[in-house]
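Notes to accompany the following structure.
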Amino acid sequence: MITLTFDTSFKTVAIALLKDDTILYDVVINAGLNHSETLLPAIEDACGQLRLKITDIDLFACTLGPGSFTGLRVGVSTMKGLLLASGKPAVGVSSLMALALNVTEDASLIYSVMDAGRDHVYTACYRYNDKGLLQQLFPETVIDPREILLDAKQDTVLVGEGAIKYRDLFKEKTGTIKIAASMQQHIRGSAVGILGREKYFRNELLDPATFVPVYLRAADAKPGKPLFSN
């Protein structure tokens, strides 16, 4: 099964192609261009590199959010166009969960932390289960980073651009946490593919007519109170 995946949830565009569990192509583009200028040419280039046509793709996967309002709209619109043209199945993946998959080291807790602007972050907490699969522990939310409660007794890794931006704040809360390296702060298309295949085999498919981005908040709304603590 050939899977084409992409992410447009933040500043970068990520594209990947997988054949079953094997990653054939995996690139992150950080050129500073609008996603509308980058995404379709990047998809064409990825398919061209492997001499594939869109009709050769068996499954599509993309991030649905949270993230940049404009970026997510571009991604969802592109996905709808691909599904209309191909008639193939598709799955949607959480951008926070795909980001958490960058952390492969042994950690009790993984917090994905994406910069949401307005001095807030998008965040959720994960851990790997005994089968090596990532599990979400708390709901995704938008929150003031100072209100994220970290447990100093558990090995915790924070990953994402928000973790880098608010590094000093988190270190003040507890010196036992780790901040993932800068190179790990961007979502990879291969992570979207791995999670997407899991959802496909659970039959969690998108309805082309009804699926929409996951924003967590309205564009002009004020973030609410924290929804979780640890």
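Coordinate-derived values only; no laboratory data. Source: prediction; values computed, not measured. FYI the Cβ positions are ideal-geometry reconstructions off the backbone, even for glycines, and counts take in every protein chain you see.
Length gained on full extension, Ser77 to Ile54, computed as 0.36 nm times the residue gap minus the Cα-Cα distance: 6.7 nm.
Remark: relative contact order (segment 97-184) = 30 percent; criterion is Cα-Cα distance under 8 angstrom and separation of 6 or more residues. With the simple model of a label 7 Å out from the Cα in the direction of the Cβ, Asp21 to Leu149 spans 3.8 nm.
In a DSSP loop and with at most 15 other Cβ atoms within 10 Å, the GluC sites (Glu not before Pro) in segment 31-120 are Glu105. Dividing the mean sequence gap of close Cα pairs (under 8 Å, 6+ apart) by how many residues the chain holds gives a relative contact order of 24 percent. Of all DSSP beta bridges confined to segment 97-184, the antiparallel ones make up roughly 70%.
A Gaussian network model of the chain, with springs between Cα atoms under 10 Å, assigns the largest mean-square fluctuation among Lys178, Lys53, Lys199 to Lys53.
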